[in-house]
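Beneath this line is the structure, given in structure tokens, with notes to follow.
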Amino acid sequence: MRVFNFSAGPAVLPLPVLEQARDELLEWQGGMSVMEVSHRSKGFIAVAEQAESDLRELLAIPATYKVLFMQGGATAQFSAVPLNLAAAGAPADYLDTGHWSQRTMTEARRFVSVRVAAEESASNYTTVPEQVALKLSPDAAYVHYTPNETIGGVEFPYIPETGKVPLVADMSSSILSRPLDVSRFGLIYAGAQKNIGPSGITVVIVREDLTGRARPGTPMVFDYRAMAESGSMLNTPPTFGWYFAGLVLRWLKHEGGLAAMERRNRAKAEALYAAIDASSFYSNPVARNCRSWMNVPFRLAKPELEKTFLAEAEAAGLANLAGHRAVGGMRASIYNAMPAEGVAALVDFMREFERRYG
Ligand code: PMP
């Protein structure tokens, strides 16, 4: 029996996609699974190209952008971005909105001069900076930000304006959750294991003029131009992950694309925040204008009940609601593949739990 899985990632995947992958596992094409064929075979190339074209269609990616399927997770991009976009020690602007932007900056400091163009410590990272508060400089190689902080549950309600300086976004936990104007970005990257597919693959969408600038010494598998020229097949790609991502992208199109995801995700998030706000037993610390649609952290007024809450939730088929180990509390991740019924079941459980323990 499948449960409602609120894991932050690897996360719930669409059931019809899992079923198709199961059905095709032993016999995909010619009596073999997709994991057992060459990445250079006609069959696999067709899978790879279809996945790219579906992603392009879903996000309306302009033709001037390259789409790369890379490895090393979003974490590899923390260093690939400076290696490709900046000379050694050049200045780059970073917005600090919490855990993941800080991890990104720590890695970037090995390669560039990181300038913190905004930081939200005064609110304990429960806010995002306003556009007017960004201390951006025209000489920055790029501006990096994390549109959705997976742990803090803080999401930018706007896309920063950076003028001629390329904007780089770690969209690991928000990509494909609603329509996006890709043309506002120089580069977007996202680990797959939330809204795209299984872990092991990282999608990079990069404006073509930002490729071909990798500094000397950049490993070739992290060189955007080399990856683009080889169709992301410079070496053996994670074929199963790519295939599976392709199934998820087709599912997204079938479900009505990102406009449909936006409607669903808005409704799910509103239902959950409304339940939290309606009660003094539960609380969410994030400012209302920047609450994440994907990751909803919450706490109990009686923290000593957290363990009981998690155990009873698990027993009720609501899995993985523990907050990140760095912050504790609870967190419900409600990505595209989390059905509205999952959120409704969680809200019902929360009401009942409060009735019994509140
Ligand atoms: N950035 C964000 C926003 C994330 O949520 C995560 C993973 N939870 C990462 C980066 C790191 O991703 P990976 O494990 O794929 O390197």
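May I ask you to list pairs of residues, at least six apart or on different chains, whose Cβ atoms are under 7 Å apart, with the first in region 191-213 being more than 20 Å from Pro147 (Cβ to Cβ) and open to solvent by 10 Å² or more (accessible area, probe 1.4 Å) and the second being assigned to a loop (DSSP other than H, G, I, E, B) and more than 11 Å from the ligand (Cβ to nearest atom)? Short answer, once both residue conditions are applied: Gly200/Pro238; Glu208/Thr64.
When region 324-337 is filtered for residues that are touching a residue at least 60 places away in the same chain (Cβ under 8 Å) and out of contact with any helix residue (DSSP H, G or I) (no Cβ under 7 Å at 6 or more places or on another chain), the ones remaining, listed by number, are His324, Val327, Arg331, Ser333, Tyr335, Ala337.
Could you tell me whether region 339-351 includes any residue that is in contact with a Lys or Arg (Cβ under 7 Å, 6 or more places away or on another chain), aliphatic (A, V, I, L, M), touching a residue at least 24 places away in the same chain (Cβ under 8 Å) and open to solvent by 20 Å² or more (accessible area, probe 1.4 Å)? Yes, the conditions are met somewhere in region 339-351. Applying the criterion of being open to solvent by 60 Å² or more (accessible area, probe 1.4 Å) and part of a helix (DSSP H, G or I) to the residues of region 102-136, the residue that is farthest from the ligand (Cβ to nearest atom) is Val132. Filtering region 89-99 to residues that are modelled with pLDDT of 95 or more, away from the ligand (no atom under 16 Å from the Cβ) and open to solvent by 10 Å² or more (accessible area, probe 1.4 Å) leaves Ala90, Pro91. Find all pairs meeting these conditions: Cβ atoms under 6 angstrom apart; at least six residues apart or on different chains; first residue within region 153-171 and of a type in the set (Phe, Trp, Tyr); second residue more than 12 Å from the ligand (Cβ to nearest atom). As it stands, the answer is Phe156/Val128, since those pairs meet every condition given.
From the residues in region 279-293 that are aromatic (Phe, Trp, Tyr) and assigned to a loop (DSSP other than H, G, I, E, B), which one is surrounded by the most Cβ atoms within 10 Å (Cβ to Cβ)? Out of the qualifying residues, it is Trp293. Gly317 falls short of the stated requirement of being under 25 Å from the mean Cα position of the chain (by Cα), buried (at least 16 other Cβ atoms within 10 Å of the Cβ) and either without any contact (Cβ under 8 Å) to a residue 12 or more places away in the chain or not assigned by TED's automatic domain parsing to the domain that holds Leu176 (or both). If you go through region 37-73 and keep only what is open to solvent by less than 20 Å² (accessible area, probe 1.4 Å), under 27 Å from Pro179 (Cα atoms) and either within 16 Å of the ligand (Cβ to nearest atom) or in a helix (DSSP H, G or I) (or both), you end up with Ala48, Ala51, Asp54, Leu55, Leu59, Leu68, Phe69, Met70. Which one is modelled with the lowest pLDDT, of the residues in region 303-327 that are of a type in the set (A, V, I, L, M) and part of a loop (DSSP other than H, G, I, E, B)? Ranking the qualifying residues of region 303-327, first place goes to Ala326.
Among the conditions (1) open to solvent by 70 Å² or more (accessible area, probe 1.4 Å); (2) outside the structural domain of Asn235 (by TED's automatic domain parsing), Ser7 misses just one, which is (1).
The lone criterion from (1) surrounded by fewer than 20 Cβ atoms within 10 Å (Cβ to Cβ); (2) more than 19 Å from the chain's Cα centre (by Cα) left unmet by His324 is number (2).
The values are calculated or read from the model by the stated rules, or taken from the named source; none is laboratory data. Remember, predicted model here, so these are calculated numbers, not experimental data. Cβ atoms come from the backbone with ideal geometry, glycine included; neighbour counts cover every protein chain shown. When the accessible area is computed, the model is the full protein with side chains, heavy atoms only, and any ligands, DNA or RNA have been set aside. Shrake-Rupley method; radii C 1.70, N 1.55, O 1.52, S 1.80 Å.
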